[in-house]
Amino acid sequence: MKKHEKDAVNAMAVTIIESFAENEPIPHSYFYKMFGIELPNMRDYENNEDYAKAFQEMQFKYLNCIENLRDTLIQNHKVHLKNDIGAGYHLMEPNDQIQYGIEHTKAEVKKSIRQGTKLVTNVDNHRVKSDVRRKASDQIARWSMIRGIA
């Protein structure tokens, strides 16, 4: 992000902090307006396919703007903008943010270990070369210890 874009996002972050209390719902419509993003109108497109593509592009732009804002809020202002699925977002209280951060990290680590375990254990061993299998056995043993910790 360029400096002027960072400054603009930081100004948006300050506006949100000054305008909303912690845990106060912030609807998606507020962010669409703040980012200057308009929902595509079906009547402006010749067919459903073009409309769907425009809608998808708008969603991508929105999510990109939200992620930049969230990064700025957490890094520059030490506050997390938490998603309220289907409703919008809210600024988290610091005490809740700590617990959320711990729980979120635990869940992500477990998910990552499950995915890695799936890759490591679901291998066609008949096609694995013996030298690769020997090298991998130590790594798999370490992997099993990591799985046990999580």
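Among the chymotrypsin sites (Phe, Trp or Tyr not before Pro) in the stretch 1-77, which ones are in a DSSP loop with at most 15 other Cβ atoms within 10 Å of the Cβ? Mind listing them?
Tyr45
Using a Förster distance of 25 Å, how high is the FRET efficiency between Lys6 and Ile102, based on the Cβ-Cβ distance and rounded to 0.05?
It comes to 0.30.
Each label point is 7 Å from the Cα along the Cα-to-Cβ direction; what then is the distance between the points at Ser137 and Asp44, in nm?
6.4
Only helices at least 15 Å long along their own axis, judged from Cα atoms, and with Kyte-Doolittle mean hydropathy of 1.0 or greater: name those in the chain from DSSP H.
TM-like helix candidates: nothing returned.
For semi-axes √(5λ) of the Cα gyration tensor in Å, several values are listed as [x] 41, 25, 14; [y] 24, 22, 16; [z] 21, 19, 16; flag the one computed from this structure.
Here semi-axes √(5λ) of the Cα gyration tensor in Å agrees with entry [x].
Once a ≥ b ≥ c are taken as the square roots of the eigenvalues of the Cα gyration tensor of the stretch 41-107, is the result rounded (a/c under 1.5), prolate (a/b larger than b/c) or oblate (a/b not larger than b/c)?
Details: a/c = 3.37, a/b = 2.72, b/c = 1.24.
It is prolate, given that a/c is not under 1.5 and a/b is the larger ratio.
What FRET efficiency would be calculated for the residue pair Asn23, Met58, taking the C-beta separation as r and a Förster radius of 41 Å, to the nearest 0.05?
Working: r = 28 Å, r/R0 = 0.69.
Efficiency computed from Cβ-Cβ geometry: 0.90.
Taking R0 as 35 Å, what's the FRET efficiency between Thr117 and Asp71 from their Cβ-Cβ distance, rounded to 0.05? Don't skip to the end; give the middle numbers.
Details: r = 30 Å, r/R0 = 0.86.
So, using R0 = 35 Å, E works out to roughly 0.70.
Please give the calculated 222 nm ellipticity per residue for the chain, where each DSSP H segment of at least 4 residues contributes -39500 (n - 2.57) and the sum is spread over every residue; nearest 500 deg cm²/dmol?
The per-residue figure over the chain is -23500 deg cm²/dmol.
Every number here is computed from the coordinates shown, using simple stated rules; none is lab data. On a predicted model such as this, the values are computed, not experimentally measured, just so you know. Heads up, the Cβs are rebuilt from the backbone with ideal geometry, glycines too, and the neighbour counts pull from every protein chain shown.
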